[in-house]
Structure formats: structure tokens, C-alpha cells
């Protein structure tokens, strides 16, 4: 289990560099299943949400425009269409 956590921690560092690759695609590429997949997706989605919120703040988006951006950004990052 410790080895898996280290692999996930290291792979998560590359999330921003692989912005085109969604969390679901990365989980599939790594062949993750069951609890390992669930933990990976949870961590990846949290990082994606943080990155999207930071991007919205950097772009100084407010109100509905901000909300629409966050929904689209999170869905694309996670792999939801």
C-alpha cells in the first residue's frame, strides 16, 4: 500500500503538465481498479478543482462567468463530458 501511495503522489505532480489528459484517462492508463482507482480519482479531482479555482482567480472571473468556467474546467480535467 505504501508503494502505491508513493506512485500516486509522484504521478499527481505531473497533473498540471498533462492538462490535456483527464483524471479518468490517467487512471485508465495506469490500469487502476477498485480502491486504488477511487483514491487516485479523489486526489486527482481535488487537485483539478484547486487548479481550476486558481485559474478563475487569475483570470479575475466573477459571478456566473466564474461558475460556468469552473464547471467546464472541472469537467474537462476530470474527464466528464
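No value in this document is a laboratory result; all are computed from the given coordinates. Everything quoted here is computed from the prediction, not taken from an experiment. A quick note on method: Cβ atoms are made from the backbone with ideal geometry, for glycine too, and the neighbour counts reach across all protein chains shown.
Any chance region 40-48 includes a residue that's loosely packed, with under 13 Cβ neighbours inside 10 Å and not in a helix (DSSP H, G or I)?
no
Out of the residues in region 59-73 meeting the condition of being assigned to a helix (DSSP H, G or I) and surrounded by 15 or more Cβ atoms within 10 Å (Cβ to Cβ), tell me which one is farthest from the chain's Cα centre (by Cα).
Checked region 59-73; the qualifying residue farthest from the chain's Cα centre (by Cα) is 66.
May I ask you to list the residues in region 49-58 that are surrounded by fewer than 12 Cβ atoms within 10 Å (Cβ to Cβ) and over 20 Å from residue 21 (Cβ atoms)?
Initially, region 49-58 is screened for residues surrounded by fewer than 12 Cβ atoms within 10 Å (Cβ to Cβ), giving 50, 54, 57-58.
Hits for region 49-58 are 57, 58.
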